[in-house]
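*Asks:* Before I ask anything, let me first share the structure, which is written out below as structure tokens.
Any read-out appearing in this document is the output of simple, stated calculations on the displayed coordinates, not a laboratory observation. Worth saying up front: this structure is predicted, and the values here are computed from it rather than measured. Don't worry about glycine lacking a Cβ; one is built from the backbone with ideal geometry, like all the others, and counts go over all protein chains shown.
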Amino acid sequence: MIWFGVGLFIIGLVTVIVSVVLLLRPQRQPPPTPRQLQQSPSPTRPNAKKRPVLESTLAHMTWARRELQTDPHIGVVAPAVLVGQRGEQFPVYEGENTIGRHSSNMIKIVDSTVSRYHAVIEGYGEEFVFMDWQASQPSEINGELVTPGERHALKDGDKIRVGITTLRFVVNRRNSS
């Protein structure tokens with residue numbers, strides 16, 4: 001009888017110890033979201049400034065805009081277009097048009113020298129503005145380096161270089177008066 005009581009005591013003690021160890025061990029953290037990664041300073045560049053928060057990269061907004069770009073039967077005409085080196089065309093609509101390698105961008109460029117969130121073109125009426133988002137590779141407009149965070153007005157025919165990809169900015173003549 002005594003051995004039975006000692007056995008139960010040992011089993012109870014082991015159970016308590018295992019429970020305490022499991023409770024005290026560090027919990028695994030979920031991986032950071034893209035927004036958290038974007039807002040945290042780079043570990044390789046400790047003095048790097050935080051990047052601006054991307055407002056137009058929500059999946060539902062991006063898909064809605066992409067459907068407008070690719071369906072010719074909707075009747076939406078882009079006020080401007082970016083023409084790539086191989087003739088590919090990227091419509092530029094009013095509002096934010098994000099440029100980068102990530103699939104959530106409005107203008108997705110498949111080029112390893114382009115950052116995931118490289119730049120943005122903002123369209124307001126007939127005025128378009130380009131802004132670099134502190135990309136790892138600096139952007140150029142007509143051969144001149146773009147200062148990250150500063151806005152640069154775009155004109156018809158401007159050549160924009162992001163990474164090693166060159167795009168030509170073309171205003172759609174059907175929309176202009």
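*Asks:* State the extension gain, in nm to one decimal, for the chain segment bounded by ILE10 and ALA153, taking 0.36 nm per residue of separation less the distance between their alpha-carbons.
*Replies:* So the chain would gain 43.8 nm between ILE10 and ALA153.
*Asks:* Follow-up question, since we're still on this one. For GLU127 and SER112 in the same chain, what is the full-extension length gain: residue separation times 0.36 nm, less their Cα-Cα distance, in nm?
*Replies:* My answer for the length gained is 2.4 nm.
*Asks:* Check each of the trypsin sites (Lys or Arg not before Pro) in region 105-177 and keep only those in coil by DSSP with at most 14 other C-beta atoms within 10 angstrom; list them in order.
*Replies:* Sites meeting the loop and neighbour criteria: LYS155, ARG173, ARG174.
*Asks:* Another question, if that's okay. Could you tell me which of rounded, prolate or oblate describes region 85-162, using a ≥ b ≥ c as the square roots of the eigenvalues of the alpha-carbon gyration tensor, with rounded for a/c under 1.5 and, failing that, prolate when a/b is larger than b/c and oblate otherwise?
*Replies:* Rounded shape, in that the Cα axes give a/c under 1.5.
*Asks:* I need the GluC sites (Glu not before Pro) found in region 88-177, filtered to DSSP loop residues with at most 15 other beta carbons within 10 Å of theirs.
*Replies:* Of the GluC sites (Glu not before Pro), the ones in loops of region 88-177 whose Cβ has at most 15 other Cβ atoms within 10 Å are GLU88, GLU94, GLU126, GLU150.
*Asks:* Evaluate the distance, in nm, between pseudo-label points positioned 7 Å from the Cα of VAL18 and of VAL77 along their respective Cα→Cβ axes.
*Replies:* Result for the modelled spin labels: 7.3 nm.
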